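One structure below.
What follows draws every value from the coordinates through simple rules; no lab data is involved. Not measured: the values here are computed from a predicted model. Cβ: placed from backbone, ideal geometry, glycine included. Neighbour counts: every protein chain shown.
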Amino acid sequence: MNQENVRPGAGRIVAGIALGALLALVTPLLLLVELLSPTAAVLLPSVGLVALYRWSGRGTALFSALLTLLSSSWYGGTTLALVTLALSVLPPMILPRWQDKPFFEQLRLSIAAFGIGVLAAVAVIYFNFGGNMIERALGQFPEMVRTLPQEYIAPVVEYMSSMLGRPVTMDAFYELYDSVIAELIPLYQRLMPQRLFTGALISALLSVWLSNRMRAKRGQAAPGSYVPLRGWALPASTTTGLLLLLVVSWALTLTNMSGGETVYYAVYGIASVAFSAQTLGSAARRLCYTHLRPGGRRALLLVIGFLGMLWLPDALMIYGAASAIFGSRGVLMQRRQNQNDGRFGGDGK
């Protein structure tokens, strides 16, 4: 019997339905919070849907996806439902179609799917809000927050009161939220493309890795469909392309060209994620030569990734770029290997 076709037990299905319903209810809020966070966001609902699919089955994931769309429609109408469909529902639901392909081919297809989802979400927002879509879209947030039940907002207000050392009324919270949105609008006009595309890239990486890891642990993964983190390394062509794009986009900022700064931020964000993944792959390879147990190595990698993304994102990126150029699997080493293969009649592999 094909293990992939074994249905999950009744208990897991019931638990999956409950978790799927919870995920669907919080997805609209998660999307809004993530898009307003100061660092590159992972689209948590997407990764959650992938995990639910693998843990509790296709039917449970479909139930959660449909409930997510209904929840988004209730929170923000048809526009938010369509944006949620493009960003957090369709990309993770089509990933299983590629599950038996080689791991890095799955990654490329997943990145393309999430990227197309971002473009579709932007198209929906543009169609509804016109050219000034960021200002008008962010301008909807205060009204949307005011439509939420106050018991959802009360914990935030209580936390603000404890931080400020004085009571904060609900009206004062709404006024503060309005002022924050007004300050964010010009910033997001420059940073929103970066926020969306880096979020999509991180989501694609995590979704493919998590899905295939869960299959591998159950013995369901096809040969070559799962590669652990220690096997991750950027191809020489990707490294070279990212570095060239960084230089070109930085040069655009010096010309004062309209949109040049936005392009640079977007390219920088994508390069930062790619080189940070290279850093973690390099760290995982080095940790294999230590005496740490597998659990200890995984914990240390989580600490490096989490703390690095929060406090030292540039350090992660710089180390990753150096590793991608000078490391054992870097551009220079690959070029030297290709030259040696050509010199001695090798096949270049």
- Rounded to the nearest 20 Debye, what is the dipole magnitude of region 228-343 about its Cα centre when Lys and Arg each give +1 and Asp and Glu each give -1 at the C-beta? 700
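About its Cα centre, how strong a charge dipole does the chain have in debye, to the nearest 20, once Lys and Arg get +1 and Asp and Glu get -1 at the Cβ? Please list the in-between numbers first.
On the way: 27 positive and 16 negative charges, 392 e Å.
Using only the charged Cβ atoms, the result is roughly 1880 debye.
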- Message: In the chain, if the dipole is taken from +1 on Lys/Arg beta carbons and -1 on Asp/Glu beta carbons about the Cα centre, which of L280, T79, W250 is farthest to the positive end?
- Response: L280
- Where the Cα pairs of region 148-205 fall when distances are cut into 10 Å bins, in %: 20, 31, 28, 20, 1
- Correct semi-axes for the chain, from √(5λ) of the alpha-carbon gyration tensor and rounded to whole Å with the largest first, are 36, 28, 20
- Message: How high is the relative contact order of the chain? Use alpha-carbon pairs under 8 Å, at least six apart in sequence, and give a whole percent.
- Response: 17
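If the only charges are +1 at each Lys and Arg Cβ and -1 at each Asp and Glu Cβ, what is the size of the charge dipole of region 161-252 around the Cα centre, to the nearest 20 debye?
Working: 8 positive and 4 negative charges, 163 e Å.
Dipole about the Cα centre, nearest 20: 780 debye.
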- Compute the normalised compactness of region 99-206: alpha-carbon radius of gyration over 2.2 N^0.38 Å, N being the residue count. 1.43
- With runs of 4+ DSSP H residues as the only contributors, calculate the mean residue ellipticity of the chain at 222 nm using -39,500 (n - 2.57) per run, divided by the residue total and rounded to the nearest 500. -26000 deg cm²/dmol
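Applying 1/(1 + (r/R0)^6) with R0 = 30 Å to the Cβ-Cβ distance of S73 and R136, what FRET efficiency is obtained, to the nearest 0.05? Don't jump to the answer; show the numbers that get you there.
Values: r = 19 Å, r/R0 = 0.64.
FRET efficiency, S73 to R136: 0.95.
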- Measure nothing fancy, just the Cα-based angle from helix 260-287's long axis to the longest principal axis of the chain, in degrees from 0 to 90, nearest 10. 50
- Note on the structure: Under a Gaussian network model of the chain whose springs join Cα atoms within less than 10 Å, the largest fluctuation of M309, M317, M163 belongs to M163
- Task: Could you work out the relative contact order of region 212-272, using alpha carbon pairs under 8 angstrom and six or more residues apart, expressed as a whole percent?
- Result: 24
- Given the options T68, T169, T239, state which has the largest fluctuation in a GNM of the chain using a 10 Å cut-off (strictly under) for Cα springs. T169
- With the cut-off at 16 Å, report for region 228-343 the share of all Cα pairs above it, as a whole percent. 64
- Label point 7 Å beyond Cα of E151 along Cβ direction - residues of region 167-185 with amide nitrogen under 17 Å: none
- Roughly how tilted is helix 313-326, in degrees to the nearest 10 and between 0 and 90, from the longest Cα axis of the chain? 20
- Note on the structure: Taking Cα atoms, the helix 103-129 axis meets the longest principal axis of the chain at an angle in degrees (rounded to 10) of 30
- Calculated P(r) tail over 14 Å for region 45-101, as whole % of Cα pairs: 51
- Rank-order 179-187, 17-25, 268-276, 213-221 by packing density, defined as the average count of other C-beta atoms within 10 Å over each peptide's residues, highest first. 268-276, 17-25, 213-221, 179-187
